[in-house]
Structures are given as C-alpha cells and as structure tokens.
Amino acid sequence: MRDNYTFTILGAGVMGTAVANAVLKGHPEPFPGEIRACTHDETSMELAKTKLSHEIVSYCYGPENNAKAVKGADVILLACKPDMYEKIHDEVKDSLTGDQLVISLLAGVTIEELMIFSKNIAKVMTNTPARFGCGTAGIAFSPEAEKNHEEFVLKLIDTVGMAFKIPEKQMDIATSLIGSGPAFCMLMMEALIDGGVRMGMPFETARKSAAKVMEGTAKMVLETGEHPAVLRSLVCTPGGTTIGGLLKMEDGNVRAGIARGVEEAAIISKSFSKKK
Ligand SMILES: NC(=O)c1ccc[n+]([C@@H]2O[C@H](COP(=O)([O-])OP(=O)(O)OC[C@H]3O[C@@H](n4cnc5c(N)ncnc54)[C@H](OP(=O)(O)O)[C@@H]3O)[C@@H](O)[C@H]2O)c1
C-alpha cells in the first residue's frame, strides 16, 4: 500500500468510527493521507463527526457522495449493516476499479459475496471493545488479498487491539467468541458483582473489582501464554476458598453453560448465512 493512501468508510457508525479512531491513534505505517467517512443521512453524518474527528477526515452522506468517496479510494472499509451491502454496491459500482482493497466488518456476508466489490477482500470479525483499543479481530482473506495485502491489513486492524488471521470457515465461531464474546463476559461479570453484593459489598466497589479482576486475569493468560487451567491451579490452595468456590460453580454447570453458549451462537451465525 502506498503512503498517504485514501481510506473510505462506507457506514461510519459505531464500528466504522471505532476502527478509524484506532488507526488514527495507532498510526500504523503506511498511514492514510485522507479518510472519507460516509453515512446514510445528515443526522448520522453529524453523529459521525462527534465520534471521529481529525484533520484528515472528511464527511459526507447519500448515494452520490458514496460513489464520489469510492472513486480513487485505495482502501474501502465496509461498515454498514450486513443487509445493506448490495444496495451500497449498487450506489458505488461505477466508482469501483475491481482491485481496491475492501475490508469488511459485516457479520455473515461471505468473501465470495463481497467479491462483487473487488478481488481483494479482507473479512474482519471484531467487537465493541475496539472502541477502547482493546478489541479482538479475526481476519480471513480472499486469495488475491492474501497475496497482496495480508501484512498491511493485519497491521492496520491490529490497532483495534489484537488482530490475527483465521480461515474463513472459522468465521461463525469468531462471530460467537469474538463478536458476541463481550456480552458473554458481561454476564460472567454481572454474576461476580452479584456475588459480591450478596455478601454485602457496595455495588460500585463490586463493579470495579469484578471488571479489574477480569482484565487482570485476561492479561495473565495473554502474557504467560499458559493454559487457564494451569494458572487456576496455582491459586487453589488445598482446603482453601478458591477451590471451594470453583466446585460450587461447577455444581451449577457453569463451564458447560458457557461453552454451549459459544456453540449455540456459532450455530445461529451459520444458520443466518444458509438462509440467504
Ligand atoms: N456493533 C458490534 O458489536 C459489531 C461487532 C462485530 C461486527 N459488527 C458489524 O459491524 C457492522 C456495523 O455495525 P455497527 O454496530 O457499527 O452499525 P451502525 O452503528 O448502525 O453503523 C452503520 C452505519 O452505516 C450507515 N449506513 C447505512 N446505509 C448506508 C449507506 N447506504 N451508505 C453509507 N452509509 C450507510 C448508517 O447510517 P444510518 O445510521 O443513517 O443508517 C450507520 O452510520 C455490521 O455489519 C456488523 O455486522 C458489529
């Protein structure tokens, strides 16, 4: 990718602005010279201005402006709702060259379907913590993009937190584990808070404690590279509090409940693509 490339966002909503902000903050090389943020209407454009503000960003809305913003773009970030991509393609098709790099955030839309935009497709599954620089992103590539743009896309999307390559056949699992994952973690966090409050800890203290414990635990797993079971066994003093709490949780089938929840969300994601 050339330096000062043009980066067009089709759908500068929650995720589109989160990714753009991560790029602006992370400043990967090469860096865009221009970011064009496109939305559906004036209200969402005004909202985008409040979420994404930098001297290299310009804003627009409506089909004609989408087409103008795609003309000459080197990288196109597709960040609209999944059911909008064909309509947007219709709006911009005359401005497409066929070899622009298209990075898609759309859940459930396959690389094959996205190839109406370009032969260079990177399909990303990320999540809302990307807004705070702590997102996770699984990325699958079309064969052409893999050859020409893999390194660039991994570096660009790594700015949301952490990015890695996955085969497209694992996208439904990523939709569940990465995309829905924050909601699953919220449920676990709520349960930790409830336990603290039940035993008399003030809600705010329990909320902060539970969040920081989850953050710290995640850091330990990432930094040591250890299996969580190994780290868990290190804090289980024989006859102590932790093993007692863990056994009670296992009585409640917590582990299977969570694992089956991930399985269910992945199955639902797969069923969405089959329905099309
Ligand atoms: N949110 C998540 O946690 C999450 C996680 C993983 C993946 N994703 C994926 O990210 C994508 C975006 O989700 P989101 O939550 O960011 O949605 P969002 O906030 O609703 O953003 C979508 C944006 O697209 C704009 N848009 C609609 N039609 C358009 C058009 N014809 N031309 C240009 N822009 C148009 C919308 O404008 P209006 O508001 O005016 O319609 C809005 O600004 C989805 O495909 C989703 O699958 C989201």
Looking only at aspartates and glutamates whose Cα falls under 19 Å of LYS219's and that sit 8 or more positions away or on another chain, we get ASP158
For LYS270, counting only lysines whose alpha-carbon sits under 19 Å away and dropping same-chain residues fewer than eight positions off, the answer is LYS81, LYS123, LYS169
Quick numbers on the chain, Rg and Dmax over C-alpha atoms in Å, give 21.2, 70
For the chain, the longest principal axis of the Cα atoms and the Cα long axis of helix 181-198 enclose an angle in degrees, to the nearest 10, of 30 degrees
For the range 174-273, the convex hull over Cα atoms projects on average to an area in nm² of 7.6 nm²
Loop-resident GluC sites (Glu not before Pro) in the range 207-276 with no more than 11 other Cβ atoms inside 10 Å, DSSP not H/G/I/E/B, are none
Once ASP94 and GLU226 are pulled to full extension, the length gained, defined as 0.36 nm per residue separation minus their Cα-Cα distance, is 42.4 nm
Measuring from the longest principal axis of the C-alpha atoms of the chain, the long axis of helix 14-26 (C-alpha) lies at a number of degrees, nearest 10, equal to 90 degrees
With a ≥ b ≥ c from the Cα gyration tensor eigenvalues, square-rooted, and the rule rounded for a/c under 1.5, otherwise prolate when a/b > b/c and oblate otherwise, the range 141-213 is prolate
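Which shape class applies to the range 74-226: rounded if a/c is under 1.5, otherwise prolate when a/b exceeds b/c and oblate if not, where a ≥ b ≥ c are the square roots of the Cα gyration tensor eigenvalues?
prolate
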Calc'd 3J(HN,Hα), the range 158-168, phi into Karplus 6.51 cos²θ - 1.76 cosθ + 1.60 (θ = phi - 60°), Hz, glycine/Pro = x, comes to 4, 5, 6, x, 8, 10, 8, 8, 9, x, 4
Filtered hits (aspartates and glutamates, Cα-Cα < 15 Å from LYS155, offset >= 8 within chain) -> ASP3, GLU29, GLU146
For the chain, the longest principal axis of the Cα atoms and the Cα long axis of helix 143-157 enclose an angle in degrees, to the nearest 10, of 60 degrees
Once the mean of 1/r over all distinct C-alpha pairs in the range 6-166 is inverted, the Kirkwood radius in Å reads 15.2 Å
The farthest towards the positive end of the charge dipole of the range 8-67, of the residues GLY26, MET15, THR39, given +1 on Cβ of Lys and Arg and -1 on Cβ of Asp and Glu, is GLY26
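No lab work stands behind these numbers, since they all come straight from the coordinates. What you are looking at is a predicted structure, and each value in this text was computed from that prediction instead of being measured. Cβ coordinates were reconstructed from backbone atoms using ideal geometry, including for glycine residues, and neighbour counts include every protein chain displayed.
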